[in-house]
Each structure stands twice: as structure tokens, then as C-alpha cells.
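Novice: What follows is a single structure, and I will ask about it in a moment.
The values are calculated or read from the model by the stated rules, or taken from the named source; none is laboratory data. Fair warning: this is a prediction, and the values are worked out from it, not measured in the lab. Note: ideal-geometry Cβ built from the backbone for every residue, glycine included; neighbour counts use all protein chains shown. These accessible areas exclude ligands, DNA and RNA; they are computed on the full protein's heavy atoms, side chains included. Shrake-Rupley method; radii C 1.70, N 1.55, O 1.52, S 1.80 Å.
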Amino acid sequence: MPVQTRCLGLPHHLMLAASTLLALPALAAVPTAHKAAMTPPLKPLPMLIGGRVLTTQQAAPGSKAASDYSAQWPGAYYRAAFKGSAVFFGVGTNNEILHILVDGQPTPPLSKPEPGEYAIDGLSEGPHTISVLVATESQSAPNHFGGFAIPLREKALAVPQRPRQIEFIGDSHTVGYGNTSPRHQCTQEEIWALTDDTQAFGAMTAAHYNADYQVNAISGRGVVRNYNGFKGDTLLEAYPYTLLDHKQPYQDAAWKPGVIVIALGTNDFSTALNPGEPWKTRDELHADYEAHYERFLAQLRARNHDARIIVWATDVANGEVEAEAQKVVDHQRSAGDQHVTFLPINGLSFSACDGHPSLSDDAAISDKLIHRIDAEEPLWP
């Protein structure tokens, strides 16, 4: 899979990051992606892919493209550059909101778009960048993208690759669950519509460092226990795979993050134990959490020898999450790993859907992470 490169949009800081990619002419009007009733003869446009994406050499359902790019972890994105006045992209079966940027500027998003070919045309002749970013979470099934294409007369351009990489691992706090909501009370449809990973702290932090990133997080999942004990993969059980079906182990030799940021434990500890769960006491749950988390950190270290690993936690659940996460880090450091550190992040408003971090909280988390990352002096360009 190609090295990930992210062009971020919508928030001001993300548009600034996108604008540095190419010196491009100003657009006379905001372009709009629309369903293409007919398409001219097209040729594939090479692209850079962000996030965990499974590429198969067959068309996405409902797309005319030659390949299918399916993604289920949050934060997938696709970027390309070309010289011309029109670009096309294929959308397969999906249940997502797509943010689209042309030359670093946001266009109207597509919400649950119908499968098929979409066009952005009427651009000024010249060099352009195109980015499609997935904003939503998709636990139930993968979403499908069909890649970019341009008319035969147009020319593909190279998109600069970013030398830095950051990985974010976590739960709904890392996903950006309902983060754009102004209130706690949200329906399931509102949670879906108001979740915007492109505005969560991961995207914000990556933009600060001009870094590629992955968001490997699932709402409601924990280290050994999911929210309120519900059945399903924990984050650690799902993590090894490209999709959430356990069929394709994730492997990408080009993915070598210099920084790994992890926040896990809120779902393990935010509710009381229920009858029938494997742990009879809180102490048993603590011991199991610590053992699995420490093993996970050791596995990450074995694959990422030089990465700075930052484990952060809030003081929710009466401080239980923070205390347990810090204990795990203390154990790892005493075992000899001096490049794993703990970062407490408190004082958040939790004013978004179901008491989750808001956009202002995301900004506060990002600010604290940036200060800690700077102090850790990662081994990256």
C-alpha cells in the first residue's frame, strides 16, 4: 500500500496545512462533486492512501473503477494531483460522510452518497489537488472507494509524501465520537452525523507536524472489557487486522510511525461489573487489564523500535482509568522501556454526544500532546 499522505480540511489549521502542498491558482467558485451521468474516456489517476485500507483488484460495487479500496477503521483518506480541469472518483457501497477538498479548499460534503462515478469539473486549466476524507465511523461494514480518474488529455502530477508518521490508538475519544455536537443528548443518527474524525485531536496533531497518520480506534471497545461488558472484539483483538472481519492481517512495511499515541481504559472501567462477566472483583479486572495492556505495548515496541509511545488518560471513572494506565506505563518503564511515557489530560468539558470530548476538548488534547511530543524529541525528520 502506498505511503499515507493526508491533506486536511475544514478547520482553519487544516486548510493551512493543505495549502502548502502545491502553489495553485485561486478558484473562481467553489467546485461541487456531482453524480456523473456520463463520463468521457478516462485513465486512472495515481493516488496516496491514508489509514488502513484493503486494496483489491476488482471494482467497488456500483463503480466503474478497476480497483476497490475498502476501509473500516476511522480516518481513511485518498489524495491525488493532476493538471487539467476535471477529475472523477468512484464511490462504492458505503454509509459515510465524505469531505472533499480541491486545492486544499473544502467543497460541499457527500453524505451517504449513492454508488457510482462522481465528477468535479469546470476547474481552471492548470495544476490541482483532490482529496477525499472519510469523517465517520463504520463499525458495521466496510466502506468502498473506487479511486480517482482523469480524462485522457489531462496529466497526472505527483503528490508530495510526508516524511513523518503518527499513529493514534484508542476508543471513541480518539474516533471523535459526536465531537461536533453542542449537547449531550443525541440520537444514534445524530451521533453518526456529528462524528468528524477530520476535526478530532489526531488530525489536529498530525497537521501540526505535517505528518501522515492512522486512527486505529473503535468506539465502545477496551483493553479487556468493552463498554458495560458488551460482547465483541476488544480493541486489542481487532487491532491486528486491516478490516474488522479478522480476514486480512494488516501489514505495511512503509508504515513506521515515529510517535504512537494510545488512550485505552475508559470502556474497561467506566461501568460496574455485571453478573456473568469473567472478573468477580475490580482487582481481578485491574490485573487482567494491566497484563494485556503491557503485552500490547511490548508488541508495539517490538515492531516500532524507535517510536516514542505516549499513553494518555483522563480522570473519568473517579480516576480509575488514569491510575491504571499510569500503572501500566510505570511497569513498562521499570522493565527498561524509557521511550514510553504517561500523560494525564484532565479538565475537559465532555460536552459532546453522550458526554464525549467536544471540539474544544480535542483542541486541548492536541495541545497537550504536542507539548509532550516536542519534549520526547521523536527520531523523525
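Novice: Are there any pairs, at least 6 apart or on different chains, whose C-beta atoms fall under 6 Å, with the first in region 303-322 and within 27 Å of Asp283 (Cβ to Cβ) and the second aromatic (Phe, Trp, Tyr) and surrounded by fewer than 22 Cβ atoms within 10 Å (Cβ to Cβ), and if so, which?
Specialist: Val311/Phe342
Novice: Moving on. Among helices (runs of 4 or more DSSP H) lying entirely in region 224-317, which contain 3 or more residues that are among the basic types (Lys, Arg) and more than 21 Å from Gln72 (Cα to Cα)?
Specialist: In region 224-317, the matching helices (runs of 4 or more DSSP H) lie at 282-303.
Novice: Kindly indicate whether any position in region 338-353 is in contact (Cβ under 8 Å) with a residue 24 or more places away in the chain, under 23 Å from Thr198 (Cα atoms) and in a helix (DSSP H, G or I).
Specialist: Yes: region 338-353 contains one or more residues that are in contact (Cβ under 8 Å) with a residue 24 or more places away in the chain, under 23 Å from Thr198 (Cα atoms) and in a helix (DSSP H, G or I).
Novice: Given the conditions (1) at pLDDT 95 or above; (2) closer than 27 Å to Asp245 by Cα, report the number of the one that Ser85 does not fulfil.
Specialist: (2)
Novice: Name the single residue that is nearest to Glu290 (Cα to Cα) among those in region 211-253 being touching a helix residue (DSSP H, G or I) at 6+ places or on another chain (Cβ under 6 Å), of a type in the set (Gly, Ala, Ser) and open to solvent by less than 10 Å² (accessible area, probe 1.4 Å).
Specialist: Only one residue fits best here, namely Gly222.
Novice: Now for a separate question. With out of contact with any strand residue (DSSP E or B) (no Cβ under 7 Å at 6 or more places or on another chain) and either part of a loop (DSSP other than H, G, I, E, B) or under 23 Å from Pro378 (Cβ atoms) (or both) as the only criterion, which of Gly202, Gly220 stands out?
Specialist: Just one listed residue meets the conditions, Gly220.
Novice: Across region 155-195, what is the total count of residues that are touching a Leu at 6+ places or on another chain (Cβ under 8 Å), assigned to a loop (DSSP other than H, G, I, E, B) and closer than 20 Å to Leu264 by Cα?
Specialist: 3
Novice: OK, next. Do we have any residue at all in region 115-130 that's under 17 Å from the mean Cα position of the chain (by Cα) and either of a type in the set (Lys, Arg) or crowded, with 17+ Cβ neighbours inside 10 Å (or both)?
Specialist: The answer is no, given that none of the residues of region 115-130 is under 17 Å from the mean Cα position of the chain (by Cα) and either of a type in the set (Lys, Arg) or crowded, with 17+ Cβ neighbours inside 10 Å (or both).
Novice: Any idea which of (1) open to solvent by 30 Å² or more (accessible area, probe 1.4 Å); (2) modelled with pLDDT of 95 or more; (3) out of contact with any strand residue (DSSP E or B) (no Cβ under 7 Å at 6 or more places or on another chain) is the one Leu152 doesn't satisfy?
Specialist: (3)
Novice: Is it true that some residue in region 169-191 is in contact with a helix residue (DSSP H, G or I) (Cβ under 9 Å, 6 or more places away or on another chain) and under 28 Å from Pro44 (Cβ atoms)?
Specialist: no
Novice: Taking the condition within 20 Å of the chain's Cα centre (by Cα), surrounded by fewer than 24 Cβ atoms within 10 Å (Cβ to Cβ) and either over 30 Å from Val224 (Cα atoms) or at pLDDT 95 or above (or both), does Arg164 pass?
Specialist: Answer is yes for this residue.
Novice: I would also like to ask the following. Filter region 326-336 down to the residues that are under 15 Å from Arg295 (Cβ atoms) and touching a strand residue (DSSP E or B) at 6+ places or on another chain (Cβ under 8 Å), then identify the one that is surrounded by the most Cβ atoms within 10 Å (Cβ to Cβ).
Specialist: Selected residue: Val328.
Novice: Here's something else I'd like to know. Which members of region 280-308 meet the condition of being buried (at least 18 other Cβ atoms within 10 Å of the Cβ) and more than 29 Å from Ile166 (Cα to Cα)?
Specialist: Result: Leu285, single match.
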